[in-house]
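The values are calculated or read from the model by the stated rules, or taken from the named source; none is laboratory data. Predicted, not measured: the structure shown is a model, and the values here were computed from it. Note that each Cβ is placed from the backbone with ideal geometry, even for glycine, and that neighbours are counted across all protein chains shown. Side chains are part of the model used for accessible areas, which takes the heavy atoms of the whole protein and leaves out ligands, DNA and RNA. Shrake-Rupley method; radii C 1.70, N 1.55, O 1.52, S 1.80 Å.
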Amino acid sequence: MAIVDRKWSALPVPYAMEVPDRARKERYFDPDFYQLEAEQLWPRVWQMACRLEEIPRAGDFVEYEILDQSIIVLRTDDTSVRAFQNACRHRGVKVVDGRGTCTSGFTCPFHGWCYGLDGTNTHIPQRRTFAEHNLQPADINLTPVRCELWGACAWINLDDDAPPLRQCIEPAATILDAWKVESLRTEWWYACRLPVNWKLAQQAFQEQYHVVEAHPQLVIPGMRYSTHDGAPFDPRRFVDAELQYLRTMSEGMAGMVHANDLRVAEGLRDVELPADAERAMSTWYRTLNDAVVEWHRAAGSDIPDLNDLEARGVNEPMGYCFPHYFVLPMYSSASSYRFRPLGPEETLMEIWSLTRFPEGHEPVKPTPPDVWEVDDARWPPIPAQDFSNLPRQQKGLHAKGFEYMRFSERAEGHLANLERTIDGFLAGLPYDKLLPALREVNVNPLERSIVDIDFS
């Protein structure tokens, strides 16, 4: 399959999004389409390679893998992180596996070529046996990879021509900065092997159209102005419904609402609310926000003023950083997702539970998770419900009579915006044409409408 050259002549995109609200099924399993993504998408995008707490001390490193590429992400000092291609410049052997600590540098396990923490080659056994043209300094150092830090994470990009990280993840970066995402630390970290395409996997978490059918426990009468049973608004019933919802999200989503925040909310059960529905709900949310902030600040944690975020319009339920990283803040804490393709119909999904700790009481380096299967009994109820549907969807896409997905213009608009942005990368378009599309997809995707994405 042809790779576009740096003249940026546009490639034809197979199974392209010719109609914004229809996606051809082949985009989710065709091997050639998957290969085009491997050639034109993943090498050109910023990817969350690791959380900084995975490499807290100088010399700590992790291996980040995407498709057939392996990258070393290395802490060099208190404030700096570097990245290198994980291949010895002698005969291409991987220098490291997994994660670890090296205080003096790396040694290739095959022939003993050595590299300093700056990637410089420091030793070649039997150096005199090599011709001089195989020993040029620029050719024998580890190949650097672009690396930038944001949001308590290290990010890599394999393209030296890509714009800086923040340009490619705005406006999510600004929204999540206001939410002080850099203060979050890992409480736990799970991983799942999903037998589905990577786009299919993440899109299940980028729309709420499925909630009523897939997650009936989240449909709780009394939470909004009009209830399912037609009963008039009752402030006490509203509070009970809100607490039930928070409890369900805490237990059913493995802590999306942190247990500390749930306890704070339950302590407000008897709060006095106006009889008017709009004023009662506004009072409840302001009161709960203030109580959560007060509790965490009293404990010594760094947390923003949640009501201030609300007033500024940046208290979004999800920050999405194209193409594979989510942060879902809720009160003091957040869930975070990362998706990586393992094949045309296989994906590695990771879930972090992130929360705030008093300064000096942060947890130790997080332990990498075992990878669970979709039917593992340890999954909490809500992700388990999604995981049960995804393999059925992937199988259904192969039906002879099924041609394309039909996206709801208002409820699933983000999915259409995402797919069209991917097409821009697959066509090999220059970054000045891609950045406006990225700004359209790096927003809260829930209930997002289809927007105009013009690459002309």
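Quick notes on this one:
- Amide H partners (placed H, <5 Å) of residue 191, local residues excluded: 351, 372
- With a Förster radius of 41 Å applied to the beta-carbon distance between residue 398 and residue 161, the computed FRET efficiency rounds to 0.65.
- Computed FRET value (nearest 0.05) for residue 19 with residue 271, which takes r as the C-beta separation and R₀ as 51 Å: 0.55
- For the chain, 50, 102, 114, 147, 153, 168, 192, 321 have no disulfide-compatible partner, since no other Cys C-beta lies under 4.7 Å from theirs.
- For the range 93-109, the Karplus equation 6.51 cos²θ - 1.76 cosθ + 1.60, evaluated at θ = phi - 60°, returns couplings of 5, 4, 7, 10, 10, x, 8, x, 9, 9, 8, 10, x, 10, 10, 5, x Hz by residue, with Gly and Pro reported as x.
- Helices of the chain meeting both criteria, an alpha-carbon length of 24 angstrom or more along the long axis and an average Kyte-Doolittle score not below -1.0, with helices taken as full DSSP H segments, are 235-252, 277-298.
- A simple rule links phi to the HN-Hα coupling: the Karplus curve 6.51 cos²θ - 1.76 cosθ + 1.60 with θ = phi - 60°, which for the range 209-214 gives 4, 7, 4, 4, 7, 7 Hz, with x for Gly and Pro.
- Nearest-20 debye value, the range 54-172 charge dipole, Cβ charges on Lys, Arg, Asp, Glu: 480
- Of the residues 29, 59, 19, the one whose Cα sits farthest toward the positive end of the charge dipole of the range 1-115, with +1 on the Cβ of Lys and Arg and -1 on the Cβ of Asp and Glu, is 59.
- By accessible area with a 1.4 Å probe, ligands and nucleic acids excluded, highest first: order of 434, 67: 67, 434
- The range 287-330, relative contact order in percent, only Cα pairs under 8 angstrom and at least six apart counted: 25
- Local electrostatic count, residue 32, Cβ distance below 15 Å [Lys/Arg +1, Asp/Glu -1]: -3
- Interchain or long-range residues, amide H under 5 Å from residue 342's placed H: 347, 348
- Residue (of 293, 202, 271) at the positive-pole extreme of the range 195-307, dipole from beta-carbon charges: 202
- Mean separation of Cα contacts under 8 Å (6+ apart) over length of the range 218-311, as relative contact order %: 21
- Point-charge dipole on Cβ atoms (K/R +1, D/E -1) for the range 287-388, about Cα centre, debye to 20: 200
- The chain, helix-only ellipticity at 222 nm - DSSP H runs n ≥ 4, -39,500 (n - 2.57), divided by all residues, nearest 500: -8500 deg cm²/dmol
- Sites residue 170 and residue 135 - FRET efficiency at Förster radius 30 Å, r taken between beta-carbons, to 0.05: 0.10
- Charge dipole magnitude, Cβ of K and R +1, D and E -1 - the chain, Cα centre, debye nearest 20: 940
- Under 12 Å, Cβ to Cβ, from residue 356 - net charge with Lys/Arg +1 and Asp/Glu -1: -3
- Amide hydrogen proximity for residue 146: with H placed 1.01 Å from N in the peptide plane, the residues at 5 or more positions away or on another chain lying under 5 Å are 157.
- Three-way shape label, the range 193-331, alpha-carbon gyration tensor, a/c 1.5: oblate
- Under the criterion of Cα pairs below 8 Å and six or more residues apart, the relative contact order for the chain equals 22 percent.
- Each residue was assigned an accessible area with a 1.4 Å probe, and for residue 337 the value is about 10 Å².
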